[in-house]
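Here's the structure, in structure tokens; my notes come after.
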Amino acid sequence: MTVPLITASMAKLFADMALSRGYDPAPILEKSGIDPALIGEADAYIPIQAWYDFAEAVSSLLDDPYTGFSIGYSPENNRLPNLKAVERESAALGEVFTALIVDTRRILTGNAYQLTLDESFATVKSRRNFCPTSPPRQIDGFFVGFMMRMFREHVTGHWRRWDLTVTVCDPNAIPEEERQRSVFQKGDPIGATFQFPAEWLLMRSGKNSSNAEVGQNRLDTDFMNGLRGVIQSQLNDPGISIETVAKQLALSPRQLQTQLFKLGSNYTQELKNLRRAAACQLLTDGNISVAAVGEAVGIPDPTAFSRAFKSWTSVSPRRYQQEKCSKANS
């Protein structure tokens with residue numbers, strides 16, 4: 001029997017999440033049967049089951065049941081070579097789904113995706129042609145997160161709770177606030193299904209600005225600036241958590257998550273971006289050691305910091321520092 005495979009770059013999404021929280025993903029990758037050296041190679045493949053196991057292990061390590069959903073919802077996924085189909089900002093939702101389904105055949109085996117239509121509803125269905133050894137909660141969560149972001153970008157202003165029905169192996173892998181906005185049903189480990197009004201397929205992303213939207217944009221900007229300021233003030237704390245940050249913003253963690261989801265981001269992504277920016281800025285100064293930079297951005301373990309920085313920039317922190325100093329002296 002042929003072993004179902006997927007591009008190794010998909011494991012990098014979960015490895016980067018672990019790195020952003022200060023954990024070295026290498027031991028978990030190896031325990032899941034994945035060579036850590038492969039995850040950065042676009043043309044390398046790994047067994048799909050190993051990817052499932054790794055995703056569950058990362059979720060357990062982070063003690064975050066919504067890890068897969070958060071990664072899938074992140075707009076950074078647009079940069080992945082195997083998801084370039086969703087970068088077309090002016091495309092209709094139906095074009096995005098069609099392109100994604102076609103491209104999926106190139107990046108993995110063992111799964112089939114279908115887009116079907118009847119008079120009133122469209123259905124996007126993913127089905128595995130093998131039975132996972134355990135429920136793929138985080139991978140299904142990743143797929144739901146990605147799909148929910150696509151719906152949000154195209155169907156804003158046209159969405160009622162009963163319009164979208166999602167069937168997934170474990171609805172508890174989806175944040176409660178998301179489950180309250182749509183109808184979620186418990187399914188099986190063989191795949192997820194999304195049913196929605198057929199006219200959504202014709203909707204395009206992007207909206208004309210109005211005065212109300214401009215005002216909302218200003219509020220959103222103020223919120224993000226405030227959030228980033230709070231995180232920035234404690235960036236050197238390895239234990240900085242969404243609970244701590246939310247409390248300082250007079251919000252509950254759930255309220256903060258909800259607001260970030262609406263703005264196309266999440267707490268982990270914001271923390272990673274700020275750590276990356278601060279690390280790059282500090283490394284530009286050749287008088288500070290790499291170890292000191294890691295401590296300053298909340299990743300005191302030198303090995304973990306080196307792995308995290310390389311995942312952010314594709315070069316090691318020492319090489320980045322050397323290149324910046326060389327340019328400054330030339």
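Between 0 and 90 degrees, the angle of helix 253-262 with respect to the longest Cα principal axis of the chain falls at about 70 degrees. Residue by residue, segment 220-234 carries 3J(HN,Hα) couplings of 5, 5, 4, 4, 5, 5, x, 4, 5, x, 5, 5, 4, 5, 10 Hz when phi is fed to the Karplus relation 6.51 cos²θ - 1.76 cosθ + 1.60 (θ = phi - 60°); x denotes Gly or Pro. The largest-to-smallest principal axis extents of the Cα set in the chain are 67, 59, 38 Å.
Relative contact order for the chain: what percent, with Cα pairs under 8 Å and sequence separation of 6 or more? If you can, show how the numbers build up before the last one.
Working: 489 pairs, mean separation 58.0, N = 330.
It rounds to 18 percent for the chain.
Divide the volume of the convex hull around the Cα atoms of segment 5-202 by the residue count and you get 111 Å³ per residue. Computed from the C-beta positions of ASP301 and GLN248, the FRET efficiency with R₀ = 25 Å rounds to 0.45.
Under 5 Å between amide hydrogens, built in the peptide plane, is the criterion, and for TYR45 it picks out ALA8 among residues at least 5 positions away or on other chains.
Against the main long axis of the alpha-carbon atoms of the chain, helix 137-155 sits at an angle near 80°. Of the listed pairs LYS125/LYS186; LYS125/LYS272; LYS12/LYS272, which have alpha-carbon separations greater than 22 Å here? In this structure, LYS125/LYS272 exceed 22 Å between Cα atoms.
Rounded to the nearest Hz, the phi-derived 3J(HN,Hα) couplings of segment 34-51 under the Karplus curve 6.51 cos²θ - 1.76 cosθ + 1.60 (θ = phi - 60°) are 10, 6, x, 5, 7, 5, x, 9, 5, 9, 8, 10, 9, x, 4, 4, 5, 5, where x marks glycine and proline. For segment 142-201, averaging the sequence separation of C-alpha pairs within contact (under 8 Å, six or more residues apart) and dividing by the residue count gives a relative contact order of 38 percent. Here the calculated FRET efficiency for THR221 and ASN172, from their Cβ-Cβ distance with R0 = 45 Å, stands at 0.85, rounded to the nearest 0.05. Remind me, relative contact order of segment 5-202 in percent, using alpha carbon pairs under 8 angstrom and six or more residues apart? 22 percent.
Applied to segment 308-315, the Karplus parametrisation 6.51 cos²θ - 1.76 cosθ + 1.60 on θ = phi - 60° returns per-residue 3J(HN,Hα) values of 4, 5, 5, 5, 7, 10, 6, 10 Hz, with x for Gly and Pro.
Taking amide H atoms as placed 1.01 Å from N in the peptide plane, the amide H of ALA122 lies under 5 Å from those of PHE196, ALA198, each 5 or more residues away in sequence or on another chain.
Considering only DSSP beta bridges where both residues belong to the chain, give the percentage that are antiparallel (nearest 5). Walk me through the numbers before you get to the answer.
Details: 20 of 24 bridges.
Close to 85 percent.
Just subtract the alpha-carbon distance of LYS186 and CYS131 from 0.36 nm times their residue separation and send over the number in nm, one decimal. Kindly include the intermediate steps, with their values, before the conclusion.
Working: separation 55, 0.36 × 55 = 19.80 nm, distance 1.67 nm.
Working it through step by step, the gained length comes to 18.1 nm.
Computed across segment 160-319, the Kirkwood hydrodynamic radius from all distinct Cα-Cα pairs reaches 18.9 Å.
Read-outs throughout are calculated quantities, based only on the coordinates presented, and are distinct from any laboratory measurement. Values in this document were obtained by computation on a predicted structure and should not be read as measured data. Cβ atoms come from the backbone with ideal geometry, glycine included; neighbour counts cover every protein chain shown.
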